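Since every read-out is calculated from the coordinates, none of them should be taken as a lab result. Since we're looking at a predicted model, the values are computed, not measured. When we count neighbours, we look across all protein chains shown, and the Cβ atoms used for this are built from the backbone with ideal geometry, even at glycine.
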Amino acid sequence: MNYNFREIEAKWQKYWAENETFKASNQSDKPKFYALSMFPYPSGAGLHVGHPLGYIAGDIYARFKRHKGFNVLHPMGYDSFGLPAEQYAIQTGQHPAITTETNINRYREQLDQLGFSFDWSREVRTSDPKYYKWTQWVFIQLFNSWYNKTSDKAEDISTLISLFEQDGNTKVNAACDDDTPVFDAEDWSGFSEKTQQQILLKYRLTYLADTEVNWCPALGTVLANDEIVNGVSERGGHPVIRKKMTQWSMRITAYAQRLLDGLDTIDWPQPLKDSQTNWIGRSEGASVTFNVIPTERSDEESHKIEVFTTRPDTIFGVSFMTLAPEHELVAKITTPEQKDEVEAYVEATAKRSERDRMADVKTISGVFTGAYAEHPFTKEPVPIWIGDYVLASYGTGAVMAVPCGDQRDYDFAKHYNIPIPNIFKGIDISEEAFADKANTIIGNSDFLNGLSYKEATSKAIVELEKLGQGQGKINYRLRDAVFSRQRYWGEPFPVYYVDDMPQMIALEHLPLELPEVEKYLPTETGEPPLGNATDWAWDTEQCTVVSNQLINDSTVFPLELNTMPGWAGSSQYFNRYMDPHNDEAIYSKEAIGYWQDVDLYIGGSEHATGHLLYSRFWQKFLFDIGIAPKEEFAQKLINQGMILGTSAIVYRVGITIQHKVGEGDVNGKKTIQLGDAIKTSTNNNLYVSKGILSRAINLKSENPPHWGFDEIQDIEFLNELFEKVVQLYGISNEEVDGIMSEKLVLTYNVTPIRLDVNNVNSSDEIISFDKMTFWNEHKGAEFLLEDGKYIVRREVEKMSKRWLNVVNPDAICEEYGADSLRLYEMFLGPLEQSKPWNTAGITGVHSFLKKLWKLYGTLGDSEPSAENLKTLHKTIKKVEEDIENFSFNTSVSTFMICVNELTAQKCTSKSILEPLAILVSPYAPHIAEELWERLGHSESIANAPFPNFEEKYLVESTKEYPISFNGKLRFKLELPLDMGKDEIEAVVMAHDKTKEQLQGREPKKIIVVPGKIVNIVG
RNA sequence: GCCUUGGUGGCGGAAUUGGUAGACGCGCUGGAUUCAAAAUCCAGUUCUUUCGGGAGUGUGGGUUCGAUUCCCACCCAAGGUACCA
């Protein structure tokens, strides 16, 4: 009987669904294991072969853990809020909820056919009001909390209020806005209700603030930095301006240090940890205050410039200061003489996009303000410059420039002839700055002389503190996260406004559901899409959403118009799976008490500084308020590599015919002057196969060059091509004569075009010309073939719709089955490595499954042979180790070896084949279930105990020793394993082949490693 | 520039602690079976060779009896990141 994978797979998928085989219970005597794969955004394109890679790996691990006796939680859901559905709504008017539902159904179908052991009863969707009720709830908890730096955790806002009532904020050590005023208890009680609310907003973990954003008026939305190219939007090329908007922010900076420290406690990939570390960007140093020296002519207030430096030890090397052009003091301190120049510079800088400025690292530019600051120790005047190498957004937007110790300061000083004092003992700084902290000995620096970097730094800070002009400080690059989006398809904020102050809607009235709108675009007045809703006001008496017309600002108030960003819903979904249908709480204490945290999280590395950082922040917050038992949500994380597409490229060849108007010589090279084109191919209908074209030009370059007659060496190709061209582009006889007589010049131009990869087979041939996507656009296309085939060029790049290189799993499932696809994706290579998709090898794993099937053709109760047992136990050992190490590719090889060996041994013994079915089951669950049933079991294989490895079956009595001479293997010799070192040496030395190798020479040294190797030197 | 990861046959990739480099699969070559094809099975397949051997894991050094593995310098590729003071 043949291996009928279609029947088998359908049968077991149905069985699993009907029997809820993978439903996890929140109570069990077994140990728990939580295996999670990142949930997908359900895009309209459906799953491609890259998506399942991580899911298959997670599924193998989850199934393995079930065999190992764990109670496994392996859920799946959808991150279903997002931009594509909204854009589709804008174009078509179809409600994003409908688009999303359709896409989810398609995803579910595709996921089901791959045989994953998901517990679908726990599915979550971030766009489901029952789910986002709890996203809104977390937001409210954040709003009601502040960060106490003394206890180093988030606390309820009421504790802050009582502190204010006792002492004002003088004794409060909190994460708060920079511009928070200082007040005492009396001030506090004297403040109006609104002022008190405004002050509290400066402490809340989520707060409203004016944030500078990239606003694109044409698109009516805020763009992220990477959505802007050369100052215009990437999509549409519309102008983008910097604009201040009132937006919600998350005070993630309060957690900067804990987010950093937590990385040491979790088993995540190093590159991912590194990018989070860089993103947080901790730097230790000091803040130093420089007093601006008042100019004689001005009697205005005195100014102070605060700078952050990581090198307070080099303070005596300061020879100038630089402010960012945007720095608020620039206008105030610039002298009248310098005013015009400074203003021109500031204006020129503002015109350049931040991207431009960052990209242009080489140009040195700046302007002197005319003002001076006083050096805190020497009291010498220090000139104040502005320069665009100082960024307003980092630190204080001002630096103390130490040209001898910082290359940028050095270059700037050189360029503007500013002195470069040397404060390093025994270091030559005539060529470049010296930035090696470890080898620094300070000199020429008063009380710092002779000290190392470390000693000088702490000494300088102590002295600055004495003067009241500085202190040790830790600076972070991490910024608070903007949490508002001007979009429709996201979670609404549970917020209404009373006298412009935000108020939270009480838990019992959540969820606050998205209103219906007519248009999904921003309003004409530039408000977010929710501004189009007619019923979007909050009635505080009825506690319900009512018509905007009822707004009276006494009982009915306007609701927030922004929605939450994509990462809101994904920041707590992993916990919600533990108790997904709970309407009373985000999850029960029992549920999270049982499951605790994610044991294994698998997903893409692109989420390193987004989802994975924000989720860690939310988890720490939930931990602080006693909702989560663990401070980190995932103990181990694996990044699966990306599956790349292999694009197929065809070459379109067009022509231009021009008059030759003259000839000349340039540096001995013949040149031709050409006149206007008398003919240019407009319909570009000729496609030339790769092999032919590559004889003429180098196809590796992205834009193949134009080329003329003379450069083509291949006459056969030339004639064939010319014939086609004459025919296709209607070149007249006169023109042909003109070309032949060299009065006219014919130039070919080549355009590479991507072709849908589904039209190309694994030998790079186009398999069906009439299915080609460009066929309709280019009716009557002609092909110049090689050996009757059109061969395309292949290029490995990211799998995307745009490159027409997307391969979806459906066709492969249809042709080879889900088990083959699962095995093949694992067999491609190491899980964490990116690799191009190529179906060429899938027949290998498929025929392995057929061999496996055959092996179970005859089953008997015969006693297994020693050979059988050895093969089995070797396999058990390797497979178990491989799964634990996430080395799934090598266990597929191991299975192949095992089946090849057992087939050769003609093994029919159930006591071998039963455990083998369990070993295979995590990888190829359908066939394993079917074989298990054939072995006489009525229960699913899913919970069958994993076979025990027994060392005794692998014990060998002899070893085939490699005998090498000078490290090179010469022959092998089978010897008993219990033979001692001296005995081995004696046997080897007595051997004929040894004598032959030595040819009478006396060996200098003989190395014998029992059980491993013999090496003879001489 | 910096950080990270990697570089092994025609291809994907093995070699877990320094001990037989190239497991397993694809592809290719030859053979069996077949009227024929598909499928299946068997054998071979790093390169080179005067058939003794010689070379060989990005390059050049080093440590070692022995290096894909450890150390130093460099080259290349991919990904991330950036005037971060």
*asked:* Restricting everything to alpha-carbon atoms, can you work out Rg to Rh for the range A:282-476 with a Kirkwood hydrodynamic radius?
replied: 0.95
*Tell me the GluC sites (Glu not before Pro) within the range A:1-100 that lie in a loop according to DSSP and have at most 11 other beta-carbon atoms within 10 Å.*
A:GLU20
*Under a cut-off of 18 Å between alpha-carbon atoms, report the lysines in cross-link reach of A:LYS972, not counting same-chain residues fewer than 8 places apart.*
A:LYS959, A:LYS981, A:LYS993, A:LYS995, A:LYS1012
*Which of the GluC sites (Glu not before Pro) found in the range A:551-604 are in a DSSP loop and have at most 16 neighbouring Cβ atoms, other than their own, within 10 Å?*
A:GLU584
*Of A:GLU337, A:GLU1002, how do they rank once you tally other Cβ atoms within 10 Å and put the fewest first?*
A:GLU1002, A:GLU337
*asked:* Based on alpha-carbon atoms only, what is the radius of gyration of the range A:810-953 relative to the globular estimate 2.2 N^0.38 Å?
replied: 1.03
_Can you sort A:SER365, A:SER287 from fewest to most other Cβ atoms within 10 Å of each residue's own Cβ?_
A:SER365, A:SER287
_If you fit an axis through the alpha-carbon atoms of helix A:925-934 and take the longest principal axis of the Cα set of chain A, what angle between them do you get, 0 to 90°, nearest 10?_
40
*Could you tell me which trypsin sites (Lys or Arg not before Pro) in the range A:115-203 are loop residues by DSSP with no more than 14 other beta carbons within 10 angstrom of their beta carbon?*
A:LYS149, A:LYS171
*Sum of side-chain charges, A:ALA413 neighbourhood, beta-carbon under 14 Å (Lys, Arg +1; Asp, Glu -1)*: -3
*Counting Lys and Arg as +1 and Asp and Glu as -1, what is the net charge of the other residues whose Cβ lies under 15 Å from the Cβ of A:THR159?*
-2
*Quick one: work out Rg over Rh on the C-alpha atoms of chain A, Rh as Kirkwood radius.*
1.03
*Rounded to the nearest 0.05, what FRET efficiency do A:GLU951 and A:ASP178 give with R0 = 56 Å and r taken as the Cβ-Cβ distance? Could you check?*
0.30
*Alpha-carbon centroid distance for the pair the range A:257-292 / the range A:443-468, whole angstrom*: 25
*What residues have an amide H closer than 5 Å to that of A:SER909, excluding those fewer than 5 places away on the same chain, when H is modeled at 1.01 Å from N in the peptide plane?*
A:GLY860
*asked:* Skipping prolines and chain starts, which residues have an amide H placed within reach, meaning under 5 Å, of the one on A:ARG125, given they are 5 or more residues away or on another chain?
replied: A:TYR78
*Vicinal HN-Hα couplings computed from phi for the range A:441-457 (Karplus, 6.51 cos²θ - 1.76 cosθ + 1.60; Hz; Gly/Pro x)*: 10, 6, x, 6, 9, 6, 6, 9, 4, x, 8, 7, 3, 5, 5, 5, 4
*Going by a ≥ b ≥ c, the root eigenvalues of the Cα gyration tensor, does the range A:88-138 fall in the rounded group (a/c under 1.5), the prolate group (a/b larger than b/c) or the oblate group?*
oblate
_Quick check on the exposure proxy: order A:THR100, A:THR349 from fewest to most C-beta atoms within 10 angstrom._
A:THR349, A:THR100
_C-alpha center-to-center spacing [the range A:86-163, the range A:722-766] in angstrom_ = 56
*Please figure out what share of the DSSP beta bridges in the range A:958-1017 is antiparallel and state it in percent, rounded to the nearest 5.*
80
*Over the range A:810-953, what relative contact order in percent results from Cα pairs under 8 Å that are six or more residues apart?*
30
_Restricting to Cα pairs below 8 Å that are 6+ residues apart, what does the relative contact order work out to for the range A:282-476? Please round to a whole percent._
30
_List the lysines whose Cα sits under 25 Å from the Cα of A:LYS660, skipping any in the same chain fewer than 8 residues away._
A:LYS669, A:LYS670, A:LYS679, A:LYS724, A:LYS743
*Let a ≥ b ≥ c be the square roots of the eigenvalues of the Cα gyration tensor of the range A:847-892; is it rounded (a/c under 1.5), or, if not, prolate (a/b larger than b/c) or oblate?*
oblate
*How would you classify the range A:56-179 from its alpha-carbon gyration tensor, with a ≥ b ≥ c the square roots of the eigenvalues: rounded for a/c under 1.5, else prolate if a/b is greater than b/c, otherwise oblate?*
oblate
_Cα-only Debye scattering, the range A:958-1017: base-10 log of I(q)/I(0) at q = 0.18, 0.22, 0.29 Å⁻¹_ = -0.53, -0.81, -1.43
